[in-house]
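Structure record follows, encoded as structure tokens.
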Amino acid sequence: MTPSLPPLAERVLLIGMMASGKTTVGRIVAERLGWEYVDSDAQIEERTGRTVRQIFEQDGESAFRVEEKAALEGAIAESRPLVVGVAGGAVLDLGTRELLRQSGTVVWLRADPDLLAERVAASGQEHRPLLEGDPEGTLQRLDAERRTIYEELADVVVDIAGRTPDELADHIVQALAA
Ligand code: S3P
């Protein structure tokens, strides 16, 4: 059964690579709009009772992608206005892409892999098992695989370089009002 969905304008779906700032920026956008923020990784952990890392290690990446789609379906079924931080790789699944397209305004936080590599070096990566070993090389490879997908899905594109999370949130809120 198709759940009854709130108007598209009342859902913002933030996409982009790991460390592009989806969670930080998403929380600020949600606060400015008076909406709730949900994070797809946190939803998965709550639904499954396992961490992102445990799912990757025990069941593999494809099982994780299935959980990711289920978590997004759950979040999107909510009828209240939401900002959703969509985990970086969720867009790899065709069904998830379709779901995102139908579910609200998709905003891509665009970043060069070099900048992302600097940012991941400066923070913990507990929920990012893919970045073990060679984070820089992995970010380059994932960027090459995903850039066109992000581009094709995005209603709004925001470059993160040189902007603070507050500035990025302002930019997104303005784009929504336009
Ligand atoms: C992933 C991104 C992570 C997390 C997992 C895989 C990816 O989420 O879901 O480590 O494939 O890009 P964030 O984008 O929130 O870091």
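Criterion first (in a strand (DSSP E or B), within 15 Å of the ligand (Cβ to nearest atom) and not polar (S, T, N, Q)) does Val83 satisfy it?
So Val83 passes the test.
Would you mind stating whether Asp39 is under 21 Å from Gln125 (Cβ atoms) and in contact (Cβ under 8 Å) with a residue 12 or more places away in the chain?
yes
Quick one: Ser20 ticks every box in (1) part of a loop (DSSP other than H, G, I, E, B); (2) away from the ligand (no atom under 15 Å from the Cβ) except a single one, so which number is it?
(2)
Which number in (1) at pLDDT 95 or above; (2) open to solvent by 40 Å² or more (accessible area, probe 1.4 Å); (3) farther than 27 Å from Gly34 by Cα marks the one condition that Leu116 misses?
(2)
What are the residues in the stretch 13-27 that are more than 17 Å from Val91 (Cα to Cα) and open to solvent by 10 Å² or more (accessible area, probe 1.4 Å), if any?
Listed by number, the residues that qualify are Thr24, Arg27.
In the stretch 156-170, which residues are open to solvent by 50 Å² or more (accessible area, probe 1.4 Å) and within 21 Å of Arg119 (Cα to Cα)?
Val157, Asp159, Ala161, Gly162, Arg163, Thr164, Pro165, Asp166, Glu167
Can you pull out every residue in the stretch 40-64 that is out of contact with any His (no Cβ under 7 Å at 6 or more places or on another chain), open to solvent by less than 30 Å² (accessible area, probe 1.4 Å), near the ligand (Cβ under 10 Å from one of its atoms) and not polar (S, T, N, Q)?
Hits for the stretch 40-64 are Ile44, Ile55, Phe64.
Say whether the condition of being among the hydroxyl-bearing types (Ser, Thr, Tyr), over 13 Å from the mean Cα position of the chain (by Cα), assigned to a loop (DSSP other than H, G, I, E, B) and modelled with pLDDT of 95 or more is met by at least one residue in the stretch 145-164.
There is at least one residue in the stretch 145-164 that is among the hydroxyl-bearing types (Ser, Thr, Tyr), over 13 Å from the mean Cα position of the chain (by Cα), assigned to a loop (DSSP other than H, G, I, E, B) and modelled with pLDDT of 95 or more.
Being away from the ligand (no atom under 14 Å from the Cβ) and open to solvent by 70 Å² or more (accessible area, probe 1.4 Å) is the filter; apply it to the stretch 123-155 and report the residue that is nearest to Ile55 (Cα to Cα).
Asp134
Which residues, taken from the stretch 74-98, are surrounded by 15 or more Cβ atoms within 10 Å (Cβ to Cβ) and over 23 Å from Asp143 (Cβ atoms)?
Step one: list which residues in the stretch 74-98 are surrounded by 15 or more Cβ atoms within 10 Å (Cβ to Cβ), which gives 74-76, 78, 81-93, 96-97.
Correct list: Gly74, Ala75, Ile76, Glu78, Pro81, Leu82, Val83.
For the stretch 34-69, what are the residues that are under 15 Å from the mean Cα position of the chain (by Cα) and of a type outside the set (Asp, Glu)?
Within the stretch 34-69, Tyr37, Val38, Ser40, Ala42, Gln43, Ile44, Val52, Phe64, Arg65, Lys69 qualify.
Does Glu98 satisfy the criteria of being more than 9 Å from the ligand (Cβ to nearest atom), of a type outside the set (Gly, Ala, Ser), part of a helix (DSSP H, G or I) and in contact (Cβ under 8 Å) with a residue 12 or more places away in the chain?
no
The values are calculated or read from the model by the stated rules, or taken from the named source; none is laboratory data. These figures come from a predicted structure and were not determined experimentally. For neighbour counting, all protein chains shown are included, and Cβ atoms are generated from backbone atoms with ideal geometry for every residue, glycine included. Heavy atoms of the whole protein, side chains included, go into the accessibility calculation; ligands, DNA and RNA do not. Shrake-Rupley method; radii C 1.70, N 1.55, O 1.52, S 1.80 Å.
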